[in-house]
1. So VAL110 ticks every box in (1) over 12 Å from ALA4 (Cβ atoms); (2) in contact with a Gly (Cβ under 8 Å, 6 or more places away or on another chain) but one. Which box is left unticked?
2. How many of the residues in the stretch 113-153 are among the charged types (D, E, K, R) and in a helix (DSSP H, G or I)?
3. Answer yes or no as to whether LEU53 is under 23 Å from LEU143 (Cβ atoms), part of a loop (DSSP other than H, G, I, E, B) and at pLDDT 75 or above.
4. Considering only the stretch 122-139, state which residues are surrounded by 11 or more Cβ atoms within 10 Å (Cβ to Cβ) and without any contact (Cβ under 8 Å) to a residue 40 or more places away in the chain.
5. It is to be established whether one or more residues within the stretch 96-106 are free of Cβ contacts under 8 Å to residues at least 24 places away in the same chain, loosely packed, with under 12 Cβ neighbours inside 10 Å and closer than 18 Å to LEU143 by Cα.
6. Tally up the residues in the stretch 129-148 that are charged (D, E, K, R) and out of contact with any helix residue (DSSP H, G or I) (no Cβ under 9 Å at 6 or more places or on another chain), please.
7. Does at least one position in the stretch 32-50 carry a residue that is in a helix (DSSP H, G or I), modelled with pLDDT of 95 or more, of a type outside the set (A, V, I, L, M) and on the phi < 0 side of the Ramachandran plot?
8. Can you confirm whether ASP88 is among the charged types (D, E, K, R), over 15 Å from the mean Cα position of the chain (by Cα) and over 24 Å from THR146 (Cβ atoms)?
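The values are calculated or read from the model by the stated rules, or taken from the named source; none is laboratory data. Everything numeric in this text was worked out from a predicted model, so none of it was measured. Using ideal geometry, Cβ is built from the backbone for each residue, glycine included, and neighbour counts are taken over all protein chains shown.
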Amino acid sequence: MRLALFQPDIPQNLGAAIRLGACLGVPVDVIEPCGFPLSDAGVRRAAMDYGVLGELKRHASWSDFRDDPERTGRLVLFTTRGASPLHDFRFRPDDVLLFGRESAGVPDEVHDAADERLVIPLVAGARSLNLTVSAAIALSEALRQTDGFPRPARCP
């Protein structure tokens, strides 16, 4: 399982996603360019002390991410234009959960390249959730289905 962010706009969301990935043992991919300067120091500042626990991989562009030979599994895009509700989908351990930029989602090229397109159902009138909240909901369901949650250090 991997978490991928397409050109994130808000550094705090990237930091929260890095922390989410670090705490759950899920690598995070960042597809640049970002809507803010992305430096090693900036990543460390955004991720606080969780950056050392996590695995972050930067991709200079969509094509670099798409053509990465190390990336395997289905590309599962979360989008408000989703075709299937999250709760009806069956995740696999090698899925890559992709989230678009906060201001604009993903372009049609990225939308069309996804193997699956999912939506997190919301009440009528609600447009969207915060990026990292959405990622946490999706990642939790995917890890639950695939038995991928980390085992607590102190199990009874």
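1. (1)
2. Residues meeting the conditions: 2.
3. yes
4. Listed by number, the residues that qualify are LEU122, LEU129, VAL133.
5. Looking for residues that are free of Cβ contacts under 8 Å to residues at least 24 places away in the same chain, loosely packed, with under 12 Cβ neighbours inside 10 Å and closer than 18 Å to LEU143 by Cα, one finds none in the stretch 96-106, hence no.
6. Count: 2.
7. no
8. no
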